[in-house]
Every structure is written in structure tokens, then in C-alpha cells.
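> Sending over a structure as C-alpha cells; questions will come in a sec.
The values are calculated or read from the model by the stated rules, or taken from the named source; none is laboratory data. Just so we're clear, the structure is a prediction, and the values are computed from it rather than from any experiment. Virtual Cβ from ideal backbone geometry, glycine too; neighbours counted across all protein chains shown.
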Amino acid sequence: MFENLNEYVYAADASTYELIFMNKKLRNKLGVSLQDAAGRKCYEILNSCSTPCTQCSNGELSEGKFKEWWRYDPKKQKYFALKDTVINEGGRRIRIEFAFDLGASDWQHSRYQDMEVVVNEGLRAALMESTPDKTINVLLEYLGKVLDGERTYIFEKNLSGGDDNTYEWTAAGITPEKDNLQQLPPEVCANWYRNFKENKSMVIPDVEETRKNDPVMYNVLKPQGINSLVVVPLYEQGKVIGFFGVDNPPEGRIEYAENLLQIIGHFISSSLKRRNLVRKLEIMSFRDHLTGFGNRYSMQRYVREKLKECEAVGVVYCDITGLKATNDREGHEAGDRYILRACESLSAVFDGCGLFRMGGDELLVICPQIQNDELEEKLELLKTSLNENSVIMAVGIAWRDSRYNIDEVIREAETLMYEDKASYYREMGVDRRK
């Protein structure tokens, strides 16, 4: 039906990204046959990416409706109008996209106008994203394609003075390196940072040039298959906070790459600053300031994300006994220290579980995929740790291993906690209001 259309058409599995169909015009444009593309990913064949496109619309598509948008392809220097939809075929969601070539503009003929349009289109695409992380990833993908590089990336200085590769885009067929480039010792990038402090970029047209004058860096770059690179510094309030760059751009585009990255660098720095602010606000919104435990909002999110397909769950509901008396007798700073000692015990015993402060003296632990005997063992460990930390805490536990309502499990643990608390006060002959 779509084979001889004058537009570009393809179909792909919306879940696996596997290409299913490309019409004649698209096959001729890409120089591939259906046999060549069989079993390969749409993002690999169509956009030369090693991972799904950052602007993929799969999550926005629904049957019987078209998503209409447009996109600038920096490599082809053309605009495309796009129409995307999804159909269901035998329980399989199939994405179909129609692309209409809108042609190129007169600005192609001027290098500086070309760079201005490239920058504007990159920023436009990036700013359409909903989070700073998505903004940065879209921009790295865009720059990688514009510069025809194999990899674009960002490194940020860490608290120990070294560097972490925090963002990365790789072209199709290129092995991602981000996981291998964490906690780089300060001496690895020392020469680069000396240049950065003088507001200079690092342009290496041939990595073999660094074999003698920077052997430490050479031993990092060469195993990655890097032959050339362009890297520019990132600043915040005049201080170098990291760098970003492109690996293996074509020889004739190295100067262009340096100029483009320097311009985009200001936006990257701003996006990182915005990301840090969002993370700080998120911590304030979802974390208890004193203990670092999650609050009620955090607990609700944890339940949504962690327990979606969880077959067994354990809940520990705790009440820090005697907190009011400690506050009245020794002051609230002493009460805070008492709370922190209780949290220290919970953190040590239930490492990896969800830890939450539900109120002034109430703490909650949610343990996904835990067995009942393991939960009982942890309860005994908790009692030992609390005793060592001189903390008295009423505790109730509940466990389920089949279909369950987490709210009911929490209520059961809370009820048992109050029973434990009442039992303690009866044994001690203590007025609970004190």
C-alpha cells in the first residue's frame, strides 16, 4: 500500500524498535534493501544511532491518531514534516511514520548563517524536552550528527577532584564508554585543565601526537579507538566545572567543531546548573531534611516504581519510644540525635530497602522481594543494633508473598507497632503522655 508513495515511509516495532518495512523511496535514499535491514533497529538504520533516538515519539502515539511534527536533519541540511501513528497487529504495536521532504533553505550557502541555523535548531529541539537531562541528551545527539562524530560526551569534576563521564551519545556501531570513564584520577586530565584555565580548547587532530607529550591521556584515549577529538571547557561563574566534546570528527570539520562547541558550551553549562537546581528541589521535596530518609511523597513514588511487579514484600513500621520525653528533658537537639541514632540502625540493617520518615517519631521500611524468614532475621539484627545505639523503638512487621494491597500491609505493620508500643509502656509502668 505504501511501497510506491512519493513520501518516505517506514514501519517498526514500537517496543523493540525492529524495522519491519521501508518503502522504495526510503530504501533508495538510504541505499539499503529490506534484506539488509532485517532484524536491525530503526534508530540504527535511519539515524545512525547506537541507542533509541532521544526525540522518539513512541510513547506519545495512540491508535487512530497522528502526531504531526517537524524536524531539521543537520546532516542532510533539510527540514522534514513528520506524521506518526501506531497500529495493533496481532497484539504487536507497530509504529508507522511518513516523512515529507520540505527541502533546504538559502542559508546553506553561507558558513556563518549555516552555523547560526544549526545552533538555533539544536537549541530549539533541546528546549522542547521536559527535563534538563533530556535536554542535554537531545543536544549531544544533535551535535554528534551535525559534526559527523562517533561520540559526543560531557565530563564533570567530582568531589574527589577527578572527572566523571556523566552524559554520552554514540553513533551506530560505536561502543559506549561512559561506564568505563568514572572516577578518572585528576592526573589524567591535568594538562587539559591547564589549557581550560586559559580559556583554551583541546583540539587533537591526531591522537598519536599525545603519545610523548601526554602519555597518561594517550593511554586513556587510544584504547577507545579515538584518532582525533575536539573538547571545550564548561564554566560556572568563571570556574571550570568540566568539559564536553566530540570524538573522531572528519578532518575537514575540526575547526568548525571547535567553534560550534564553544557556542553551545554556554547552553550546556546553563543546563547543568538547571539540572542541579532541579535535583536539589527534588531532594527537598522528597527527602526528610534531618534524616535523609524519604518522606510520604517519596514513599508513594517508591511504591509505584518498585512494587509494580513485586511478588513479595515486607514492611517494618517503627515508633521511636521516648522521643517526647527526650525533647522535654534534654532539648530538641538531643531529640534529633536520638532520631538519627535510630535511623543509623535502620540504615545498617535494611540497606537497599526503602527508608521513610512518616512523621515526627514514626519511621517506615519497605523491603521488596524479601522472604519472611529473612525479614524476621533482620528484625533480630535491628533489635541488637538499637540496643547498641541506646535507642528504644516499638516495631511492627508484616509480610506478603502473593497478591497484596500495600496500604493494607502497611496498616497491619502499623497496628502491630502500636501493640508493641502499648506492651512496652505496660511493662515499664510509664505514663504514655510523658
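> Can you go through 348, 334, 342, 325 and tell me which one is in the same structural domain as residue 406 (by TED's automatic domain parsing), assigned to a helix (DSSP H, G or I) and in contact with a Lys or Arg (Cβ under 7 Å, 6 or more places away or on another chain)?
Values: 348 fails: in contact with a Lys or Arg (Cβ under 7 Å, 6 or more places away or on another chain); 334 fails: in contact with a Lys or Arg (Cβ under 7 Å, 6 or more places away or on another chain); 342 fails: in contact with a Lys or Arg (Cβ under 7 Å, 6 or more places away or on another chain).
Every option except 325 fails the conditions.
> List pairs: first residue in segment 399-417 and within 15 Å of residue 370 (Cα to Cα) and touching a residue at least 60 places away in the same chain (Cβ under 8 Å), second residue of a type in the set (Lys, Arg) and outside any loop (DSSP other than H, G, I, E, B) anywhere in the structure, Cβ distance under 7 angstrom, at least six positions apart or on different chains.
If the second residue must be of a type in the set (Lys, Arg) and outside any loop (DSSP other than H, G, I, E, B), the pairs left are 409/400.
> Write out, first by first residue and then by second, each pair whose Cβ atoms fall under 6 Å of each other, whose residues are 6+ apart or on separate chains, and whose first residue, in segment 347-363, is farther than 18 Å from residue 420 by Cβ and touching a residue at least 12 places away in the same chain (Cβ under 8 Å) while the second is among the hydroxyl-bearing types (Ser, Thr, Tyr) and part of a loop (DSSP other than H, G, I, E, B).
Between residues of segment 347-363 that are farther than 18 Å from residue 420 by Cβ and touching a residue at least 12 places away in the same chain (Cβ under 8 Å) and residues that are among the hydroxyl-bearing types (Ser, Thr, Tyr) and part of a loop (DSSP other than H, G, I, E, B), the close pairs are 357/291.
> I would also like to ask the following. Conditions: (1) under 30 Å from residue 354 (Cβ atoms); (2) touching a residue at least 24 places away in the same chain (Cβ under 8 Å); (3) buried (at least 16 other Cβ atoms within 10 Å of the Cβ). Residue 287 meets all but one. Number of the miss?
The failed condition is (2).
For (1) at pLDDT below 85; (2) under 19 Å from the mean Cα position of the chain (by Cα); (3) under 25 Å from residue 172 (Cβ atoms); (4) in the same structural domain as residue 87 (by TED's automatic domain parsing), each residue gets a yes or a no:
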position: 97; (1), (2), (3), (4): no, no, yes, yes
position: 100; (1), (2), (3), (4): yes, no, yes, yes
position: 115; (1), (2), (3), (4): yes, no, no, no
position: 120; (1), (2), (3), (4): yes, no, no, no
position: 124; (1), (2), (3), (4): yes, no, yes, no
position: 127; (1), (2), (3), (4): yes, yes, no, no
position: 132; (1), (2), (3), (4): no, yes, no, no
position: 139; (1), (2), (3), (4): no, yes, yes, no
position: 142; (1), (2), (3), (4): no, yes, yes, no
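> On to the next question. What is the residue count in segment 210-223 for residues that are surrounded by fewer than 18 Cβ atoms within 10 Å (Cβ to Cβ) and among the polar types (S, T, N, Q)?
Number satisfying all stated conditions: 2.
> At least 2 residues that are charged (D, E, K, R) in each: list the helices (runs of 4 or more DSSP H) lying fully within segment 189-242 that qualify. Break it down into steps so the answer makes sense when it comes.
Working: elements: 190-197, 210-213, 215-221.
Once the helices (runs of 4 or more DSSP H) in segment 189-242 are filtered for at least 2 residues that are charged (D, E, K, R), what remains is 190-197, 210-213.
> So, one more: Of the numbered conditions (1) modelled with pLDDT of 95 or more; (2) touching a strand residue (DSSP E or B) at 6+ places or on another chain (Cβ under 7 Å), residue 321 satisfies every one except a single condition; which is it?
(1)
> Moving on. Working carefully through the options 338, 404, find the one that is of a type in the set (Phe, Trp, Tyr) and under 32 Å from the mean Cα position of the chain (by Cα).
Numbers: 338 fails: under 32 Å from the mean Cα position of the chain (by Cα).
None of the others qualify; the one that does is 404.
> Given the criterion buried (at least 16 other Cβ atoms within 10 Å of the Cβ) and either farther than 30 Å from residue 341 by Cβ or touching a residue at least 60 places away in the same chain (Cβ under 8 Å) (or both), identify the matching residue among 277, 234.
Working: 277 fails: buried (at least 16 other Cβ atoms within 10 Å of the Cβ).
Being buried (at least 16 other Cβ atoms within 10 Å of the Cβ) and either farther than 30 Å from residue 341 by Cβ or touching a residue at least 60 places away in the same chain (Cβ under 8 Å) (or both) holds for just one of 277, 234, which is 234.
> With segment 5-74 as the region, which strands (runs of 3 or more DSSP E) entirely inside it contain at least 2 residues that are outside the structural domain of residue 256 (by TED's automatic domain parsing) and at pLDDT 85 or above? Don't jump to the end; show me each part of the working.
Working: elements: 8-13, 19-22, 67-73.
Ranges flagged: 8-13, 19-22.
> Please go through segment 364-398 and pick out each residue that is of a type in the set (Lys, Arg) and either in contact (Cβ under 8 Å) with a residue 24 or more places away in the chain or buried (at least 21 other Cβ atoms within 10 Å of the Cβ) (or both). Full working, then the answer.
Keep residues of segment 364-398 that are of a type in the set (Lys, Arg), which gives 378, 383.
Answer for segment 364-398, where residues must be of a type in the set (Lys, Arg) and either in contact (Cβ under 8 Å) with a residue 24 or more places away in the chain or buried (at least 21 other Cβ atoms within 10 Å of the Cβ) (or both): just 378.
> Taking residue 295 as the residue in question, decide whether it is without any contact (Cβ under 8 Å) to a residue 24 or more places away in the chain, more than 17 Å from residue 417 (Cα to Cα) and surrounded by fewer than 20 Cβ atoms within 10 Å (Cβ to Cβ). Spell out how you get there, then give the answer.
Values: without any contact (Cβ under 8 Å) to a residue 24 or more places away in the chain: no; more than 17 Å from residue 417 (Cα to Cα): yes; surrounded by fewer than 20 Cβ atoms within 10 Å (Cβ to Cβ): yes.
No: the conditions fail for residue 295.
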